[in-house]
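What follows draws every value from the coordinates through simple rules; no lab data is involved. The structure displayed is predicted, hence computed values, not measured ones. Note that each Cβ is placed from the backbone with ideal geometry, even for glycine, and that neighbours are counted across all protein chains shown.
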Amino acid sequence: MEKKTVIITGAGSGIGKAIALKFADANYNVVVSDVDEEGGRQVVDQISQQSADAIFIKADVSDRQACKELVKKTVDKYGALHCAVNNAGIGGEMNLTADYSAESYLEVIDINQHGVLYGCQAQIPAIINSGGGAIVNMSSILGSVGTAQSVAYVMAKHAVVGLTQTAAIEYGKQGVRVNAVGPGYIKTPLLDQLDEEQKEQLIAAHPIGRLGEPEEVAALVFWLCSDQASFVNGSYYTVDGGYTAQ
């Protein structure tokens, strides 16, 4: 059987790192991409210790050309692209909607929304040329509900769900499945900026009584890319401990 290749953006830490390690465990060729070169190369080193094949490609997903180059370098290296996980994202500033700065708004939209679009635009033709495969776009629980003081993030994550559904309709017959994942609050470096009281409030917001682990998100992402999910297309799956069920 042909060894499959996956691209994961934002794979230098957190959820992206867990996804990269999950695919490596399944013997994929793993392309670790991030703007954090040190973190990305550390993930590649960890994968290499597992006797799996991985490379690091630095790419800013808010740059359309960088997304094209990421796919081109991947295909040049491994000959094909079968799966992609558009995971790179930032939180942005915390501020009320009327006070939200233009600078932070544009940065969040460029990375969290435009970056997913640019990724899909580069990945879809390559996956079709490789005989089909799957894309998973990282949305959030905030792709279906709102929260205070994060208007740009909420807007972008809602947009990711709409993009996912549209691309799934357009390319399903060509063998490309596109789905979205909506994590709840997960133990990642993004939460390091919060104090203990804020973290306790987040825990209380999840009926399951804890925050999620990156590996729990990675398991869902991997399943969506696998043949076991062959009839799953255009869906948005939350992995949130019951957060959005309230």
Total Lys pairs in the chain closer than 21 Å by alpha-carbon, pairs eight or more apart in sequence or interchain only?
28
Between segment 49-104 and segment 225-243, what's the alpha-carbon centroid distance in Å?
21 Å
Degrees between helix 14-25 axis and first principal axis of the chain (Cα, 0 to 90, nearest 10)
30 degrees
In debye, nearest 20: dipole of segment 5-237 around its Cα centre with unit charges on the Cβ of K, R (+) and D, E (-)?
960 debye
With a cut-off of 15 Å, note down the residues of segment 198-213 whose backbone N falls inside the zone around a label point 7 Å from the Cα of residue 101 toward its beta carbon.
none
Find the relative contact order for segment 5-237 and round it to a whole percent, using C-alpha pairs within less than 8 Å whose residues are 6+ positions apart.
20 percent
Compute the acute angle (0 to 90°) between the alpha-carbon long axis of helix 214-225 and the principal axis of greatest extent of the alpha-carbon atoms of the chain; round to the nearest 10°.
50 degrees
In degrees from 0 to 90, rounded to the nearest 10, what is the angle of the helix 37-49 Cα long axis to the longest principal axis of the chain?
50 degrees
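Within 10 Å of each candidate Cβ there may be at most 12 other Cβ atoms; applying that plus a DSSP loop requirement, which chymotrypsin sites (Phe, Trp or Tyr not before Pro) in segment 148-246 survive?
On the way: sites: 153, 171, 185, 222, 223, 231, 236, 237, 243; in loops: 185, 231.
Qualifying residues, ordered by number: 231.
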In nm, give the distance between the simple-model label positions of residue 174 and residue 197, each being 7 Å from the Cα along the Cα-to-Cβ direction.
5.3 nm
Springs between alpha-carbon pairs under 10 angstrom, Gaussian network model over the chain: which of 218, 102, 168 fluctuates most?
102
Expected sort for 94, 138, 155 with the fewest Cβ neighbours (10 Å cutoff) up front is 94, 155, 138
Where both partners of a DSSP beta bridge lie in the chain, what percent of those bridges are antiparallel, to the nearest 5?
0 percent
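Please arrange 158, 82 by counting, for each residue, the other beta carbons lying within 10 Å of its beta carbon, fewest first. Walk me through the numbers before you get to the answer.
Working: 158 18, 82 21.
In order of increasing Cβ crowding within 10 Å: 158, 82.
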